[in-house]
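> Mind having a look at this structure? Questions to follow.
The values are calculated or read from the model by the stated rules, or taken from the named source; none is laboratory data. Keep in mind the model is a prediction, meaning the values are calculated, not measured. Cβ placement follows ideal geometry from the backbone for every residue including glycine, while neighbour counts extend to all protein chains displayed.
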């Protein structure tokens with residue numbers, strides 16, 4: 001059977017070469033040349049639009065205001081063509097199964113797509129005679145469409161994944177009865193502090209940022225913490241940490257109270 005398919009494939013290729021020689025032009029270099037020219041045109045248009053946007057107001061202002069690293073009311077979202085993957089991450093709960101949504105499923109789909117020409121070598125291309133391929137394609141389109149729509153309409157709370165840990169932090173650190181410290185812990189979770197710091201096993205150590213689980217045991221005081229959050233380099237020379245002065249004194253006081261109440265887990 002395999003030998004017969006191989007013979008048919010070779011015969012089809014010979015017919016194709018004969019037809020090209022008689023009536024048409026080969027893919028290389030004609031089609032490749034046309035695709036190259038069109039690609040250069042597209043890239044040129046993109047560069048031209050970027051230059052116009054940078055130097056004029058025809059396409060709108062370059063930006064309205066400088067980015068505020070201390071904001072707590074911004075929820076980052078992907079471009080629309082990644083909404084399907086964005087919602088897929090909501091299906092696989094963080095952190096236990098998130099690797100399936102970020103690596104597992106997308107990688108499996110890519111491997112199947114790359115391998116398609118190798119395990120589907122049938123010469124038949126009529127749509128109605130390829131039920132398995134058609135059903136698979138329709139299911140993929142429907143799945144991506146539904147995930148894209150769900151991702152576009154999804155509502156989420158600021159720092160929802162880490163904010164949910166605040167009660168656990170309060171219980172382990174013993175500040176559950178202090179509403180100011182609890183409010184500060186919530187702000188801490190929402191403000192992106194865990195992008196660089198770690199706290200009770202959550203977060204990271206980007207740029208060598210220290211673990212803050214026992215920050216309060218250092219006895220620095222609330223005033224020191226507020227001054228450090230307002231201007232980090234004033235207390236830690238050369239610190240790459242951005243200023244969080246935009247949060248306001250009231251919010252900084254809450255975070256400082258939380259940090260001073262963090263003296264290490266009590267249980």
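> Looking at (1) part of a helix (DSSP H, G or I); (2) under 26 Å from the mean Cα position of the chain (by Cα); (3) at pLDDT below 80, find the lone condition where residue 50 falls short.
The number of the failed condition is (3).
> For the stretch 172-267, list the helices (runs of 4 or more DSSP H) that sit wholly inside it and hold at least 2 residues that are in contact with a helix residue (DSSP H, G or I) (Cβ under 9 Å, 6 or more places away or on another chain) and modelled with pLDDT of 90 or more; which are they?
Values: elements: 179-190, 222-230, 232-235, 249-261.
Counting at least 2 such residues, we get 179-190, 222-230, 249-261.
> Farther than 30 Å from residue 230 by Cα, outside the structural domain of residue 103 (by TED's automatic domain parsing) and modelled with pLDDT of 80 or more: which single residue out of 20, 41 fits that description?
Answer to the check: 41.
> Looking at 187, 200, which is the one that is touching a strand residue (DSSP E or B) at 6+ places or on another chain (Cβ under 9 Å) and either closer than 27 Å to residue 76 by Cβ or touching a residue at least 24 places away in the same chain (Cβ under 8 Å) (or both)?
Details: 187 fails: touching a strand residue (DSSP E or B) at 6+ places or on another chain (Cβ under 9 Å).
Only one candidate qualifies: 200.
Every residue, every condition in (1) part of a helix (DSSP H, G or I); (2) farther than 20 Å from residue 77 by Cα; (3) outside the structural domain of residue 6 (by TED's automatic domain parsing); (4) touching a residue at least 12 places away in the same chain (Cβ under 8 Å), yes or no:
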{"position": "108", "(1), (2), (3), (4)": "yes, yes, yes, no"}
{"position": "113", "(1), (2), (3), (4)": "yes, yes, yes, no"}
{"position": "124", "(1), (2), (3), (4)": "no, yes, yes, no"}
{"position": "138", "(1), (2), (3), (4)": "yes, yes, yes, no"}
{"position": "170", "(1), (2), (3), (4)": "yes, yes, yes, yes"}
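> Counting just the residues of the stretch 204-233 that are surrounded by 17 or more Cβ atoms within 10 Å (Cβ to Cβ) and free of Cβ contacts under 8 Å to residues at least 12 places away in the same chain, which one comes out nearest to residue 265 (Cα to Cα)?
The qualifying residue nearest to residue 265 (Cα to Cα) is 228.
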